Amino acid sequence: MGKKPKHVGVLALQGDFEAHRAALARAGAEPVLVREAGQFSDLDGLVIPGGESTTMLKLLHYDNLLAPLQEFARRKPVFGTCAGAILLARHVSNPSQESLGMIDIDVERNAYGRQLESRVAVLEPEPSLRERSGPEALEAVFIRAPIIRRTGPHTRVLARYAGDPVLVEEDKHMVATFHPELTADSRVHSLFLSKL
Ligand code: GLN
């Protein structure tokens, strides 16, 4: 008998949730699209996808999901990618907006500027990622990505691009400023699943 698949929610209000659903299924999880607070109780973890963080925030308020999401993140792992990383950060600039503060990082939105609106980069894993996910380089798709300008004393950097952290974890939570759901490599999703 194999291990029971993990029930991982993907917040499906806006953005890139469908690609995350597929990536989680490829990594061996049982993904569920989440649109209502009642769904949180069945989940082992949650992915907040990329998209437009301001819109996602508005929809979280509108659907009364902000408090349930905060409560969930106190108990279970959450993985935020791009806009999801912005929502989980402590402070957000350019422009500033409300965020959940679940991970001790400060982010600047759209910080790579026009010329880097969308690009594929190759990342060398930091030692803490290499140990767990192997030494192979990681292909990373950046789309109007934020830059992580500050990390806290308990934040671990797993990968960098041009010197800036782009994949970090703190305790049970993880954020990526790129889009691991858009490449065939499922190591980043598998790493998140290993936290559940
Ligand atoms: N630029 C978007 C924001 O600030 C994030 C982009 C993305 O998620 N790909 O919310």
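Every number here is computed from the coordinates shown, using simple stated rules; none is lab data. Because the structure is a prediction, the values reported are computed rather than measured. We place every Cβ from the backbone using ideal geometry, glycine too, and count neighbours over all the protein chains shown.
Filter the range 185-196 for residues that are without any contact (Cβ under 8 Å) to a residue 60 or more places away in the chain and part of a helix (DSSP H, G or I); which is surrounded by the most Cβ atoms within 10 Å (Cβ to Cβ)?
Applying the filter and picking the extreme gives Val188.
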Residue check for Gly101: of a type in the set (Gly, Ala, Ser) and either in contact (Cβ under 8 Å) with a residue 60 or more places away in the chain or in contact with a helix residue (DSSP H, G or I) (Cβ under 9 Å, 6 or more places away or on another chain) (or both): yes
Residue that is farthest from Gly113 (Cα to Cα), among those in the range 165-184 that are among the acidic types (Asp, Glu) and crowded, with 17+ Cβ neighbours inside 10 Å: Glu170
Qualifying helices (runs of 4 or more DSSP H) (wholly inside the range 38-140; at least 2 residues being surrounded by fewer than 16 Cβ atoms within 10 Å (Cβ to Cβ)): 53-62, 66-75, 127-133
Flag for Pro146 being within 16 Å of the ligand (Cβ to nearest atom) and buried (at least 17 other Cβ atoms within 10 Å of the Cβ): yes
Subset of the range 16-37 that is of a type in the set (A, V, I, L, M, F, W, C) and part of a loop (DSSP other than H, G, I, E, B) - its residue that is nearest to Asn110 (Cα to Cα): Ala27
Any hit, the range 148-165, residues being touching a residue at least 12 places away in the same chain (Cβ under 8 Å) and under 13 Å from Ala83 (Cα atoms): yes
Filtered residue count, the range 141-164, keeping only those that are closer than 17 Å to Ser118 by Cα, out of contact with any Leu (no Cβ under 8 Å at 6 or more places or on another chain) and in a loop (DSSP other than H, G, I, E, B): 3
Test: residue in the range 25-44 that is within 14 Å of the ligand (Cβ to nearest atom) and out of contact with any Leu (no Cβ under 7 Å at 6 or more places or on another chain): no
